[in-house]
Each structure stands twice: as structure tokens, then as C-alpha cells.
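Take a look at the structure below.
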Amino acid sequence: MERPGVSPLSSRALVARGELQGDGSTHLHYGHLAGVAAPDRFFRSAHTRLAQRLHPLRRGEERDAPHHSVIRDSETLHSSCRCPGMPRQSRSWSPGAGAHTISRFIDRRFTLVADADRHHVLECIELANDRWDWVWLSYAFMSTHLHYGHLAGVAAPDRFFRSAHTRLAQRLHRCTRNQTLGPVFADRPTIHHVRPELLPRLVAYHHRNPVEAGLVLRPSQSNWTTHRAYLRLDPAPPWLNVERALDILGFADTAAGRRRFDEFVIELDLGGRPFEHPPRHATERVARAHPRNVDWTQLIGVARDLTSVPSGVPLHSKNRAATRARLLVAIVATADFGRTHADVAQQLGLTSGSVCNLISRGMASGGLELALEQLRVRLVSE
């Protein structure tokens, strides 16, 4: 079958842009008469094999997406449409659970080297933060990778990271006057589950990163982590609620509480990073809560009653009260009952994507705590 934009027996020029190699070559040119088969399968195979051969990987060394770091941009097929890539496995996570996220730069390069780079990361996070409802606990920006600490929310994390990391990549390329191109991150972020009692150790690990790297003598001397914001030595980013974060970690947002937190971070023995790699069972890929049965009629009925949806108005309508009722149903069904977006969409007459957007935007707008509490109480009492 002929694909749109790829005509059999027509001439096409392809360019694959790559890294600067020792002989000065920066890219590959190919000339073909196009056939019927899609070109993506060939190039994925050829470029992946090439990347593996060009990367001298030692035994046991971690691979940071070598096919990304050699071929810096996907093939450009002039006068044709790009074919979609292979689908990726969707994320799974547990709302309310601790999460340690690591984003590595390609080839472990020293990408963040100046204060301006740090400001770029902070600004990109702020611009993208309305795309999810995760609670920020900490960060540590290192030259070769980024650490984040969160309490996971209901919204999928991929929307946030795609927005924040794409903005950051664009800014970093512009800083080089567009002398660089292609991916900046080696792969999508890795998310690890962290048990609630180990969250203080996770934050302490983040705040001790510059000390362990030999950059400073004390955590409070570095502004590349959240430690100075915790101590109120620097203003906190607008998306970091220091008082709430300290309370979650078991410290008071007072002079004495902040002093105890500083001492805790300095004195804690972090050998083996037990928050992430304890006995193997304690660190798992983040997973959703096990799905439970839902009385959809009761859930939707209580949500309609709490939001005063007029009788006869369907929940998929544009009525403001109906929109709020949809949001309450979606949050409780996914967070409390472990139901998927597809399950909720089927009950509300929406698409899965609409449910995802509804939750993301609704949680970002806030003001739902009281209504959610009332809904949960009535579901139990009735």
C-alpha cells in the first residue's frame, strides 16, 4: 500500500543528523528510489546497530539511550510525512505515594554549568507545572542529570515532563546560538517509588548531592538544590510550598524546626541510598492502586447532588456544575478506586484523553479539597 507522501519509485533525499565524529563527519546522506515499505523500520534497525557499535560500552555500564546520542535527530525525509514511531508503554503510578524522579542528559554530558542554566530549569518547571498536580518536595540539579522528589498526584506525569524538558532543550540550544540540535535528555525520566517513611532520607540525599560531588562543604552553600529554600535563606519557587513540605517530612517551619532539618540533612548516614535501593522489594516501579469495584450510580449521584447539577442535565454537558461534578467523579474514581481513565470515560460519555485533561486542569486550579472530602464521607455513610 502506498503511504501518503512516500511514492514508490520517486526520488527522495534523506539526511540523518549526527554527532561530530573524529573524522569531522557530522551527518549521513542517502539517495534512493522510494519503495512501498515504510522507511522507519530500516532506519531504526540500521541506526540502532550503528549506535551500539560506536559506543564502547563496558560490562555493567548503564546505557543512556545510545541510539539517541549518536543520531541526534530522526531521519528527515524531504517532501514526505514522518511515519509514527513505535508506541511506548504508558506510565503507571500511585497517587499520594512518594516518587524519586531522575532525568539524565544525553551521554552523561555536563549540560548545566552556569547559574543561567539553573534559572532555565526553574523557569521551564514553572511554565509547565499547571499540567499536573504532583506535590513538590525537593530537587537537585547536577551537571549531568536532574533529581526530583514528589508526592505523586492523579494527573499523568508525562504531560509535565514533555513540556518542561522540551522547553529546556530549546533554551539550551538557543544558548549555543543553535550550534547544537537534537535530544538533550537521554530518555524519558525514570520514576521510583519511595515509601512515606523514607521521604526525609530522599530529600536529604538530594540536598547532599553537591556536598558528595565535592562542590561545596555544606548543603546550605549550594543554590542548586531546595535546601536553601527550606532554610528560608533564598525565596522558594512559586511551585514549592516549603511549609507543607517541611510538615510532610516531620519538621516545623520555624527557626528551630529549620535548624533541626539542616542538622538532619548534614548528619544523616546515606550509605547505599536506602530510600531507592533497599531490600529489593521496597523499591518498585511506581504502580497504580489495585482497581476496586465502583458503584457508579452512587458516585455520580452524590457528585451531582454536591455540585447542584440540574436534573436532566447530562454530566458530559458544558454546564459549569456538570463540569465540576465530572471532575469530582474522575478524581475519586482514579485516586480512591484505582480505575483507569478509560473506565471513567465510559461512565461519563467522554474520551480517555478528555478525562486526563479534565483531571490535570481541575487539580491545577485547586479549591477541591472540601468537595472531595464531602464526597468521600457521603460515599462511606450511604
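Matching residues to (1) small (Gly, Ala, Ser); (2) within 14 Å of Asp117 (Cβ to Cβ); (3) in contact with a helix residue (DSSP H, G or I) (Cβ under 8 Å, 6 or more places away or on another chain); (4) in a loop (DSSP other than H, G, I, E, B):
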residue	(1), (2), (3), (4)
Asp133	no, no, yes, yes
Trp136	no, no, yes, no
Ser143	yes, yes, no, yes
Leu146	no, yes, yes, no
Asp158	no, no, no, no
Ala169	yes, yes, no, no
His173	no, yes, no, no
Pro183	no, no, yes, yes
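Leu348 meets all of the listed conditions (1) within 21 Å of Ala152 (Cβ to Cβ); (2) buried (at least 17 other Cβ atoms within 10 Å of the Cβ); (3) in contact with a helix residue (DSSP H, G or I) (Cβ under 6 Å, 6 or more places away or on another chain); (4) not hydroxyl-bearing (Ser, Thr, Tyr) but one, namely (1). For region 190-222, a tally of residues being in a loop (DSSP other than H, G, I, E, B) and touching a Leu at 6+ places or on another chain (Cβ under 8 Å) returns 1. Whether any residue in region 232-249 is basic (Lys, Arg), farther than 23 Å from Pro196 by Cβ, at pLDDT 95 or above and surrounded by 15 or more Cβ atoms within 10 Å (Cβ to Cβ) is what I want to check. No, that holds for no residue.
Checked against the criterion of being surrounded by 16 or more Cβ atoms within 10 Å (Cβ to Cβ) and either free of Cβ contacts under 8 Å to residues at least 24 places away in the same chain or farther than 26 Å from Trp93 by Cβ (or both), the candidates Arg304, Arg339, Arg324, Arg320 yield just one match: Arg304. When region 113-170 is limited to residues that are surrounded by fewer than 18 Cβ atoms within 10 Å (Cβ to Cβ), in contact with a Phe, Trp or Tyr (Cβ under 8 Å, 6 or more places away or on another chain) and within 26 Å of Asn357 (Cα to Cα), the one that is modelled with the highest pLDDT turns out to be Glu126. Entry remark, region 98-121: residues being among the hydrophobic types (A, V, I, L, M, F, W, C) and over 24 Å from Pro157 (Cα atoms) number 4 in total. Given the criteria outside any helix (DSSP H, G or I) and surrounded by fewer than 17 Cβ atoms within 10 Å (Cβ to Cβ), does Gly353 qualify? It is false that Gly353 is outside any helix (DSSP H, G or I) and surrounded by fewer than 17 Cβ atoms within 10 Å (Cβ to Cβ).
Matching residues to (1) touching a helix residue (DSSP H, G or I) at 6+ places or on another chain (Cβ under 7 Å); (2) assigned by TED's automatic domain parsing to the domain that holds Arg201; (3) under 23 Å from His193 (Cα atoms); (4) at pLDDT below 75:
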{"residue": "Ala38", "(1), (2), (3), (4)": "no, no, no, no"}
{"residue": "Ala51", "(1), (2), (3), (4)": "yes, no, no, yes"}
{"residue": "Gln89", "(1), (2), (3), (4)": "no, no, yes, yes"}
{"residue": "Ile102", "(1), (2), (3), (4)": "no, yes, yes, no"}
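Exactly one residue out of Pro200, Pro196 is crowded, with 19+ Cβ neighbours inside 10 Å and within 19 Å of Ala245 (Cβ to Cβ): that is Pro200. Pairs meeting the criteria (first residue in region 364-377 and basic (Lys, Arg), second residue at pLDDT 75 or above, beta carbons under 9 Å, at least 6 apart or on different chains) are Arg376/Val332; Arg376/Asp336. Apart from one condition, Ala303 fits all of (1) modelled with pLDDT under 90; (2) more than 20 Å from Pro157 (Cβ to Cβ); the exception is (1).
The values are calculated or read from the model by the stated rules, or taken from the named source; none is laboratory data. The shown structure was predicted, so the numbers you read here are calculated from the model rather than taken from an experiment. Reconstructed Cβ throughout: ideal geometry from the backbone, glycine too, with neighbour counts over all protein chains shown.
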